[in-house]
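Colleague: Sending over a structure as structure tokens; questions will come in a sec.
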Amino acid sequence: MATKQKKTKQSNPKPLVFIGALIILISLVVLGFQLTGSVFNLTGIDFSGAAVSDSWFNNSWQYRTPVEITQAVAIVGDRGIAEVKLISDKVKSDCSDIRVVDSQTNQEVASKISCNSTVAVIKFEYAIGANQFYIYYGNPGASPSGMKLSLWKSKAAPIIRGETPGAANYKGLIYLIGGSKAPNAFEVYNPSTNQWTAKPKPPVNIGGGTVLIKIGPSQLVVVGGSSNLDSTWVYNTGSETWGQIQYKLLYPRAYFGAASENNNIHIFGGQGTIDGKLVYLDKHEKLINNVWIEAPAMPTARAFLAATKVSEDKIFVLGGAVKAPGSTAVLPVGTNEMFDILSEKWVAKVPMPIASKGSAVTATNNTIYVIGGSSSRALQIYDTAKDSWTSGEILPGDKRAATASTAPGKIYVMGGLGDEVGMYEYTIPNFGIASQLASQEINPNFDDSVGAQETNQTAEPETNQTATPEEEAQEETQENILDQITGKDKSIKCPEGKVLVGTTCVDDVTEKAVCGNNIREGDEMCDGPASQACPNVCTISCACKYIPNDGVCDKDVGEKGEDCKSLTSLWIGLALLLLVVGGVIIYFKYHLDLDGFDLKSVFGRGGGGSSDSEVKSYISSTESMGYSKKQIAGALKKKGWSIDVIRKYLGGSN
């Protein structure tokens, strides 16, 4: 009697391995929670909500000062520069804790700061149209700001001009003519578009050492020059045509100074000829009604000088070079002489700090700017009212024998030797600013004696008691001290509905919400670092950067607190789960060579648990479908059947 063949059941280690993998997975997830606040932070990643920030701001800044800018006179270009003075003993000695922030964008702006123990002079850049800023300070642990300001900017350059071309401003455009390397070139620059455009060239070469002067409603006058020593040409900006003035210069010359007043042109000194000899001139000529006449000579004969008019009746003649007595050597000088047009007298003024020849000179708002020259990159600034000099920010490039012209709020320097291809724009600080407020505002949430610790002081309520005369005098003294700090001028009387802030009457906003006074008012979400709505994350526009512990993780704005921890842990767990499951699959499939690994075989529902009839049915159906015994044997092997059992049902040596 035939005995029934029993199926040899193959042991399947996969379930045990998978259970072990799950145990490892759970352990890794638990370990991941522990790593959240320690090991991962070593890599610069903060899993509590955001990458570690390199922003300058933190809660250690204790003070801020509001600054308001009112641009009363329009300036050209896309930026202005404000200059304010902060008087405080809360600033670090090197001023490295000062930051300037645009209150509308909440972004730090570029700044340039000079300071001593109690006074900081702060220059900062503002975009045209921006008017509200905050100056933060009082952080002992702060490092210097990376937002460095330069008052100079490179601009599109004209063709290379060489020595001393002539330049003039007409209706906001800069016209440039001549130069030793482009003797008859004529171009115009538009500061708004930063583009140069060629204009009709003069009939003759002009050369270097020339001047271009605007007179009348539409005329530009070219005088002298190395190739045009005695001639005067007139360009009509309307018709774009050239004409020549009939009368010649009394003393042909180049490399001289020139200025205009009331449509009359004055020229001073320069290099010219007398009786056929090349000399440095002291001669002064004046063009009136198209005729050159002689005027009072300069006290000092010199060439390579510059001249500019300030106010209606003052012309200043500055710098230049003289010939050393008994020698051919040329020496730069710092001579500063003023010609009074009304009295026709010369007056000596304080000399330039740095003697220089071939400087570019221009003036605006009674201030003269002497740029470059043989002093290389120096910027010397002369206050004509105070008869005093200061040093400005040096030029980015070497400019010798260049020329300069102004547009509202800007100075343009072009041509010359040294950095021949460069053209630079200088932004004049505080140009056209009618009022700016910079009153010191101490944060009442911080105790000066202990840094950033909160105080519990409470303001005393008002009483109806009458003060004694001594108390009134003391109170007035304290008010005067406060007025000095905030810049108030008590001689200014404001109309009803206005209050005095600094030296300006502004709307009285006592009953309105005032952002920055550390008092939550009106529709403000918060005001001050200790605001209850969002402590320490109140922005400078009095809105909460985010609200802590509200159940929402505002990761995009830097929240890292409890709202973000649970979500972070979930993402860590999911990531580790995917990582481990993928590793188990790869292990079974490739390392153990179990090509048939699937979830059914893992949980014991594969071929090892099938009955004889099921196996025979499987073989019959697959044979009818045309599969070979070898293919069927491979499939049964994947389902967990042993080689002996497969041979029994299929036969052969599979």
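Colleague: Provide the packing ranking of 348-356, 217-225, 66-74, i.e. peptides ordered by the mean count of other C-beta atoms within 10 Å per residue, highest first.
Modeller: Values: 348-356: 17.6, 217-225: 22.1, 66-74: 15.9.
Put in order of decreasing packing, that is 217-225, 348-356, 66-74.
Colleague: For region 263-360, just say rounded, prolate or oblate: build the C-alpha gyration tensor, square-root its eigenvalues into a ≥ b ≥ c, call rounded for a/c under 1.5, and beyond that prolate if a/b exceeds b/c, oblate if not.
Modeller: oblate
Colleague: Amide H to amide H under 5 Å from Val211: which residues, 5+ apart in sequence or cross-chain, H placed 1.01 Å off N in plane?
Modeller: Val223
Colleague: Can you list residues from other chains, or at least 5 along the same chain, whose modelled amide H is less than 5 Å from the amide H of Ser356?
Modeller: Gly320, Val333, Gly334
Colleague: Further, regarding this structure: When a/c is below 1.5 the answer is rounded, else prolate if a/b is larger than b/c, else oblate, so apply that to region 115-237 with a ≥ b ≥ c taken from the square roots of the Cα gyration tensor eigenvalues. Don't jump to the answer; show the numbers that get you there.
Modeller: Working: a/c = 3.22, a/b = 2.67, b/c = 1.21.
Taking the square roots of the gyration eigenvalues as a ≥ b ≥ c, region 115-237 is prolate.
Colleague: Another question about this same structure. Just to confirm my numbers, what's the Cα centroid distance between region 87-127 and region 364-395 in Å?
Modeller: When both Cα centres are located, 24 Å separates them.
Colleague: To continue, here is another question. How far is the Cα center of region 224-302 from the Cα center of region 197-215, in Å?
Modeller: Using only Cα atoms to place each centre, the spacing works out to 14 Å.
Colleague: Order of 368-377, 197-206 by packing, highest average Cβ count within 10 Å first? Please list the in-between numbers first.
Modeller: Numbers: 368-377: 23.7, 197-206: 15.9.
Packing proxy ranking, top to bottom: 368-377, 197-206.
Colleague: Then there is this: Once amide H atoms are placed 1.01 Å from N in the peptide plane, what residues at a sequence separation of 5 or more from Ser227, or on another chain, have their amide H within under 5 Å of its amide H?
Modeller: Gly207, Gly208
Colleague: Could you derive backbone 3J(HN,Hα) for region 252-269 from the dihedral phi with the Karplus parameters 6.51, -1.76 and 1.60 (θ = phi - 60°), listing whole Hz in sequence and x where the residue is Gly or Pro?
Modeller: x, 6, 8, 6, 10, x, 8, 7, 10, 8, 6, 6, 9, 10, 10, 10, 9, x
Colleague: Kindly write out, for region 388-398 in residue order, the coupling ³J(HN,Hα) from the Karplus curve 6.51 cos²θ - 1.76 cosθ + 1.60 (θ = phi - 60°), rounded to whole Hz, with x marking Gly and Pro.
Modeller: After applying 6.51 cos²θ - 1.76 cosθ + 1.60, I find 9, 10, 9, 9, x, 5, 5, 5, x, x, 7 Hz.
Colleague: Would you please put 624-633, 176-185, 89-98 in order of how densely packed they are, using the mean number of other Cβ atoms within 10 angstrom per residue and starting with the highest?
Modeller: Result, highest mean first: 176-185, 89-98, 624-633.
Values quoted throughout were computed directly from the atomic coordinates according to the rules given, and no laboratory measurement underlies them. Here the structure is a predicted model, which is why all the values come from computation and not from measurement. Every residue, glycine among them, receives a Cβ derived from its backbone with ideal geometry; neighbour counts consider all protein chains shown.
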